[in-house]
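Participant: I have a structure I would like to understand better, so I am pasting it below and will then ask my questions one at a time.
The values are calculated or read from the model by the stated rules, or taken from the named source; none is laboratory data. Treat the numbers as computed from the prediction; the structure is a model and nothing was measured. As a convention, Cβ positions derive from the backbone with ideal geometry for all residues, glycine included, and neighbour counts pool all protein chains shown.
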Amino acid sequence: MLRAILMSAKVQMKQSIARPMFRFCIFISPILSGILLGMIYQNRSVEDFMLYAFIGAGITTFWGSICFSSASDMDREKWLGTMPMIFTSPIGFENIIFGKILGNTLWGIFSFGLNMLTVKILFNKSIQFVSFSYFVLITILMIVSMIAVGFMMAGLFTLSRKISILMNVIDYPIIMLTGMVFPISIFPKFIQYISYLLSPTWAMEGYKLAVQGGSNEELLRVAFILVIIIIIYFIISIFSFRKIKKLCVINGTLEVF
């Protein structure tokens, strides 16, 4: 099974990078996002510049690659008529989809790093972390959370007939709701409650602690909450894929576009 997942990821990486739009998301968008947010925050404090231009801009491009790939891959498989073959594969439908998301995640990590490199070179700001080890930990958890989100969305989008609309609707609202480019404290309280249900919000909270510092209790609390949300996302994904299998067998509408 592991070999099948890795092969699925390898094929997905090759197929994704062959598409002009995906190349734009991976190679051009991180540079443009880094320049834009770098210009916005260059006269602010070093902490704000680090949090939103150096880190946040990279997460926006990472999120974009996960959001669009998770949705558009389902759309593309239906369009090409290959969805039923993947669904009935002995390897397992969810394993192939997980491999696809893993492949896109690796490209997302590349775009995340490219953004950081762009911001560092163009703006030449000092890169300061109060706790670099915590930054590494949160980055690992952020990557895993993106995989969980992508897996969950891929499952939910499998039966949708309006995938292209959904993926465009959720892209920028999630960027704003999770505080990737500005603090969520500017939102009303009821919107902040929604924000705290999303894993990127807690990733940004973790990055804030890595940049600005915090007590050991705060560091552990944010990391623990992020782990719990990741587990919940994976549980939702597993149950959604089980439900999808039943519905697809009963309705026989997997190919309906």
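Participant: Somewhere in the range 207-226, is a residue β-branched (Val, Ile, Thr) and either under 27 Å from ILE97 (Cα atoms) or under 20 Å from the mean Cα position of the chain (by Cα) (or both)?
Facilitator: Yes, the conditions are met somewhere in the range 207-226.
Participant: Let me ask something additional. Restricting attention to the range 75-89, does a residue exist that is surrounded by fewer than 22 Cβ atoms within 10 Å (Cβ to Cβ), of a type in the set (Phe, Trp, Tyr) and within 17 Å of PHE241 (Cα to Cα)?
Facilitator: Checked against the condition, which is being surrounded by fewer than 22 Cβ atoms within 10 Å (Cβ to Cβ), of a type in the set (Phe, Trp, Tyr) and within 17 Å of PHE241 (Cα to Cα), the range 75-89 yields at least one hit.
Participant: Looking only at the range 14-65, filter to residues that are part of a helix (DSSP H, G or I) and among the basic types (Lys, Arg); which one of those is nearest to ASP171 (Cα to Cα)?
Facilitator: ARG23
Participant: Taking only the range 1-13 into account, find how many residues are aliphatic (A, V, I, L, M), part of a helix (DSSP H, G or I) and farther than 30 Å from ALA210 by Cβ.
Facilitator: 6
Participant: Now, a different point. Among LYS189, LYS245, which is surrounded by fewer than 19 Cβ atoms within 10 Å (Cβ to Cβ), modelled with pLDDT of 90 or more and basic (Lys, Arg)?
Facilitator: Selected residue: LYS189, the only one of LYS189, LYS245 that is surrounded by fewer than 19 Cβ atoms within 10 Å (Cβ to Cβ), modelled with pLDDT of 90 or more and basic (Lys, Arg).
Participant: Right, here's the next one. Of all residues in the range 126-144 being in contact (Cβ under 8 Å) with a residue 12 or more places away in the chain and surrounded by fewer than 15 Cβ atoms within 10 Å (Cβ to Cβ), which is farthest from GLU47 (Cα to Cα)?
Facilitator: Out of the qualifying residues, it is PHE132.
Participant: Scan the range 1-59 residue by residue and report those that are surrounded by 23 or more Cβ atoms within 10 Å (Cβ to Cβ) and without any contact (Cβ under 8 Å) to a residue 24 or more places away in the chain.
Facilitator: TYR41
Participant: Take the residues in the range 111-152 that are modelled with pLDDT of 90 or more, more than 16 Å from the chain's Cα centre (by Cα) and of a type in the set (Val, Ile, Thr); name whichever of them is nearest to ILE96 (Cα to Cα).
Facilitator: In this case the residue turns out to be VAL136.
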